[in-house]
Amino acid sequence: MRCSDVLLCGSKSWVEAAGYLASLLVFATFCMKTMLQLRITAILSNVAFIAYAFFDGLYPILILHSVLLPLNAVRTVQMLRVRRIVEQASKGKFTTEPLCPFMIAGSSPAGPSNKSMAWHSRLPEILSTPRKKDAAPEGHGKFQGG
């Protein structure tokens, strides 16, 4: 489907601009520091890519971003719900019930499950041992292999 078939747009420069905008928004998602900012930017990118792909006849891109748009929207709503729960918890109005959909039921034995998790039992020893300046903790730093 050509741009001129859908709209009387004269030139396709705005379609190309939508493609560049969409690409810029994808790049911007990699610069985001919070997941909410990333999702909102991704949604804007999806909209721009959908417009670009639709009016330029790029159906694989159109299909991809038509699927990603609702996925990003659902994940954004989920994040906002969790954020609201956390805000309520910080004000003392907390129950774990709303968090249940985000949890997995399971059980584990009491105490550390293996040696790598037993560092906390050695914490007093680690903290009381004097270290040389710029020395790496035991097991870190230089290769100690055979």
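The values are calculated or read from the model by the stated rules, or taken from the named source; none is laboratory data. Just so we're clear, the structure is a prediction, and the values are computed from it rather than from any experiment. So basically every Cβ, Gly included, is an ideal-geometry build from the backbone, and we count neighbours across all protein chains shown. Side chains included, ligands, DNA and RNA excluded: accessible areas come from the protein's heavy atoms. Shrake-Rupley method; radii C 1.70, N 1.55, O 1.52, S 1.80 Å.
Can you give me the solvent accessible area of Met35 with a 1.4 Å probe, rounded to the nearest 10 Å²?
Approximately 100 Å² for this residue.
Could you look at the range 19-105 and say what percent of its accessible area is carbon and sulfur, using a 1.4 Å probe and all protein chains? Intermediate values should be presented prior to the final figure.
Values: 4270 of 6070 Å².
Looking at the range 19-105 in its full context, I get 70 percent from C and S.
Simple spin-label model, 7 Å along Cα-to-Cβ: Leu68 to Ala28 in nm?
The answer from the label model is 1.4 nm.
Using only Cα atoms, what is the ratio of the radius of gyration of the range 31-108 to 2.2 N^0.38 Å? Each step should come with its number before you reach the end.
On the way: Rg = 17.3 Å, N = 78, 2.2 N^0.38 = 11.5 Å.
Taking the Cα Rg and dividing by 2.2 N^0.38 Å, one obtains 1.50.
Work out how much length Val86 to Glu16 would gain on full extension: take 0.36 nm times their residue separation and subtract the Cα-Cα distance, in nm to one decimal. Can you show the working numbers first?
Numbers: separation 70, 0.36 × 70 = 25.20 nm, distance 4.21 nm.
Stretched fully, the Val86-Glu16 segment lengthens by 21.0 nm.
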